[in-house]
Structure formats: C-alpha cells, structure tokens
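Worksheet: the structure to be examined is printed underneath.
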Amino acid sequence: MMTSSKLNLFLGAALASLLTAGVPGCALEQDGVEIEQDVTPDGALEPKVWTGWTADGLAAVECPAGRIARGADCDGSACEYLRLDCVSVSGLVLLNDSSWSDWFSEEDAAYRKCGADEWLTGIACDGGECDNISIQCTQSVNAAANTGQWSAYYSEEDSYYRAPTGRYLRGVRCTGGDCDNMSYLHSSIRWY
C-alpha cells in the first residue's frame, strides 16, 4: 500500500508527464500546415501552436483556422526565418476572408498594422534574409482591439516573443539591416 507522500509523488509525476506530452519538437499536421505544440513558459495550460517557418523563397505561414497570433519567433542570420505562435480565443469569431499588407522593410515605413477589428494571422518574407515582410490580417465579427502597445525589439539572439496574457498581435515593425530587429503591436480585446 502506498503512503500518502508516495501517492502524491506518483500523481505529481503522472501530471508532469501529461503536461509535457507536447514539448517542442512534437510536430503535428493540420490542414497541410506543419505546427509544433508545447506548453507555455509561464506555466499556463494553453498550448502554443507554432506555424512552420517562412523565409525568402518559402511560402507564407498562416495560423490554423480560428486562431490568431499571440507570439512570434525568428531564427537565422538577421531574423531570416519567421514563425508565429497561434492561439484560439474563446468566443472570438473570425471571417474567412483575410488580407495581406504590402511589403515593408527598414528602408521605408518600417511597420504595418491590422485594422481596429483585425488580428494578425500570417506572415511572409521576401528578399535576402527576409528583408521585406508582409502580414496577413483577419477580421473578427464580434470584437475590436483596444489601444495597442509595441513590444521591445528583439532578434534571433533572444528567445521568442509572446504577448502578455490577454493580448494578441496586430502589427509588426523592424529596424536594423534586413529587418534584423523585430517588434510587435499587441492589444487586448474589446467585445461587441
């Protein structure tokens, strides 16, 4: 018969095993899009769903249907590979139509942002080391964004970026050669 401390240890190990079943590197396939899933670093139980990587010469990446971006990651020299961390938001209804911004880079107006009732759902690269970026925005039918805030800049030397709890991505800006440093506009949701 197990003592209560051994039982607690056993239950704790079993729970840890369940929570880490989706650690990085566990690839899933959904609608032809390869995604990775893992548990958030802040201990929340909401899983991250990473898109595949995009880069110059690779296809744009999009969040799976019904999900919006809450975070982003870059890798390679000068952030030449990009991917999105996509989450579902309970109650948020998105239209099936999405639109892509025109291309931007650090040489011109170095940012694009989605409309007041739109959320970032995709990202694309063009030019060497992802010098030019386009974002996909998807409109919601029952929510708009509250006033947004830009994140600090980060690059491939840093960990991935994830917006604070309850905030979601709506824009991207960059500085440095070939858009090496990235920043993300994040907002909370105002329900209709």
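The values are calculated or read from the model by the stated rules, or taken from the named source; none is laboratory data. The structure presented is a predicted model; accordingly, all values stated were derived computationally and were not measured. Cβ placement follows ideal geometry from the backbone for every residue including glycine, while neighbour counts extend to all protein chains displayed.
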Exercise for review: Within the stretch 148-180, track down each residue that is of a type in the set (S, T, N, Q) and either modelled with pLDDT under 95 or in contact with a helix residue (DSSP H, G or I) (Cβ under 7 Å, 6 or more places away or on another chain) (or both).
Suggested key: Ser155, Ser159, Thr175
Check your understanding: Just for the stretch 36-55: of the residues that are part of a loop (DSSP other than H, G, I, E, B) and at pLDDT 95 or above, which one is nearest to Ala163 (Cα to Cα)?
Key -> Thr51
Review point. For the stretch 146-160, how many residues meet the condition of being farther than 24 Å from Glu118 by Cα and touching a Gly at 6+ places or on another chain (Cβ under 7 Å)?
Key: 1
Check your understanding: Can you tell me which residues in the stretch 76-95 are assigned to a strand (DSSP E or B) and either crowded, with 18+ Cβ neighbours inside 10 Å or aromatic (Phe, Trp, Tyr) (or both)?
Key -> Tyr81, Leu82, Arg83, Leu84, Asp85, Cys86, Val87, Leu94
Practice item. Mind counting the residues in the stretch 76-97 that are acidic (Asp, Glu) and at pLDDT 95 or above? Key: 1
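Mind telling me which of the residues Gln149, Gln139 ends up being over 18 Å from Asp85 (Cβ atoms) and not aromatic (Phe, Trp, Tyr)?
Answer to the check: Gln139.
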